[in-house]
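Just below is one structure, and these are the notes that go with it.
The values are calculated or read from the model by the stated rules, or taken from the named source; none is laboratory data. Worth saying up front: this structure is predicted, and the values here are computed from it rather than measured. All Cβ positions, glycine included, derive from the backbone under ideal geometry; neighbour counts span all protein chains shown.
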């Protein structure tokens, strides 16, 4: 493999890892294998630590393709707990409010979901990497500072129920979502909860596709590291490998 000219590796990001953690681990393995102190590695589309699934990692000159890869459609499977909210809209923070859910029926849920299909405007979560005056919004949120974010246009191309239980003490629904660039699934959970006349937050999120890269084509992080260690390395004609000490 020619990591210098550029390779694209689809990785199944583990739970509790940040996207940067995964990239840093792969970059370190590549630097050791190539015998260099610096090497360009980036990712296309950040996943939250509490999300798993497809993370596209680009090496060398393939990092020039990151913007194009990020622009591709993304598919998610998201589990929402209904009737409760958290400040981060997921399990990063504790429940801060509970709401009635007895009125939520499959028919109401489907009617609400229909409002989110197509082109919509969405306010990003304050617990996000959106920049405010050059700083990430989550830094303000974690200090308890209030910030105001503007709604952004985006497209939800597919939104359907995979499974649900509305009768239990903690009702939930699992959704399959296909969306365009810039969609925050946590914010979608927040908005669905509001439209239901209740509340909602994410309890699980898995990205199952980015563009042409589905989850079944991904390597685990360990498999990607093993690939780097064992694969034959090639170099472009204009590259001079460092001399051994």
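Going residue by residue through the stretch 49-66, is there one that turns out to be free of Cβ contacts under 8 Å to residues at least 12 places away in the same chain and part of a helix (DSSP H, G or I)?
no
Among the residues of the stretch 89-121, write down those that are in contact with a strand residue (DSSP E or B) (Cβ under 8 Å, 6 or more places away or on another chain), part of a loop (DSSP other than H, G, I, E, B) and surrounded by 13 or more Cβ atoms within 10 Å (Cβ to Cβ).
Passing the criteria: 89, 90, 91, 95, 99, 101, 104, 116, 117.
How many residues are touching a helix residue (DSSP H, G or I) at 6+ places or on another chain (Cβ under 8 Å) and either farther than 30 Å from residue 107 by Cβ or part of a loop (DSSP other than H, G, I, E, B) (or both) when one looks only at the stretch 185-222?
Number of matching residues: 6.
Would you check which residues across the stretch 45-66 are closer than 20 Å to residue 178 by Cβ and modelled with pLDDT under 95 and list them?
45, 46, 47, 48
What tally of residues in the stretch 57-85 results from selecting those that are farther than 20 Å from residue 159 by Cβ, buried (at least 23 other Cβ atoms within 10 Å of the Cβ) and within 19 Å of the chain's Cα centre (by Cα)?
Of the residues in that region, 1 qualify.
Among the residues of the stretch 157-171, what is the count of those that are part of a strand (DSSP E or B) and surrounded by 18 or more Cβ atoms within 10 Å (Cβ to Cβ)?
Of the residues in the stretch 157-171, 1 are part of a strand (DSSP E or B) and surrounded by 18 or more Cβ atoms within 10 Å (Cβ to Cβ).
Answer with yes or no whether residue 81 is under 30 Å from residue 228 (Cβ atoms) and either in the same structural domain as residue 193 (by TED's automatic domain parsing) or part of a loop (DSSP other than H, G, I, E, B) (or both).
The answer is no for residue 81.
State yes or no: is residue 150 at pLDDT below 95, out of contact with any strand residue (DSSP E or B) (no Cβ under 6 Å at 6 or more places or on another chain) and assigned to a loop (DSSP other than H, G, I, E, B)?
Yes; evaluated as a whole, the condition is true for this residue.
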